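Before any comments, here is the structure.
Coordinate-derived values only; no laboratory data. From a predicted model like this one, the values you see are computed outputs, not experimental measurements. Here Cβ is always computed from backbone atoms with ideal geometry, including for glycine, and neighbour counts include all displayed protein chains.
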C-alpha cells in the first residue's frame, strides 16, 4: 500500500514575517496605527460620564463581556466596544448636538451598521441620573446580540 502524499495548506503569512518571527501584517478595520496617539489621549481624558460607565464595564463586570474603550473601527473612534457581541456604546454630551455633528453621526452609524456592529446611545445625563437603568439597557442589548 502506498502512503498518500501529505497535503499542506498554503501559508498566508509573508515570508518576511516568518523569517523574523513576527505577527502577520495587520488587516482589517480595527485600531488604525495613525489613530494610536489620539485614542490614547481620549482614554487618558475620559469625561466624567465615561468614567462612571467604564467602572461598570471594565474587567468583564457586565455579563462577563469584555469591553474596550476609545477603540478605532475604520476611521471612527467609538466610546466603548464589545468585540464579542459587536456592540458599540456611545455617550453623547453637548458636543454631539450640533447640525454638523448630526451628519457625521449619521454617516458613522451607517458605516458601523454596514459592518454588522450594533450601536446603543445614551446621553451623559442618563448616566449621571441613573447608571443602573443604563446598565440594564446595555445588558438587554448584549443578550439580544448574542
Spin-label point model (7 Å from Cα, Cβ direction): what's the residue 75 to residue 31 distance in nm? 2.2 nm
With r defined as the distance between the Cβ atoms of residue 59 and residue 103 and R0 fixed at 35 Å, what FRET efficiency is calculated, to the nearest 0.05? 0.45
I want to make sure I understand the PRE zone here: with the label point 7 angstrom from the Cα of residue 48 toward its beta carbon, which residues in region 109-142 have backbone N atoms less than 17 Å away? 123-132
Gain in length, residue 121 to residue 137, computed as 0.36 nm per residue apart minus the alpha-carbon separation, to one decimal in nm? 4.8 nm
For the peptides 29-41, 62-74, 122-134, what is the packing order when you average, over each peptide's residues, the other Cβ atoms within 10 Å and list the highest mean first? 62-74, 122-134, 29-41
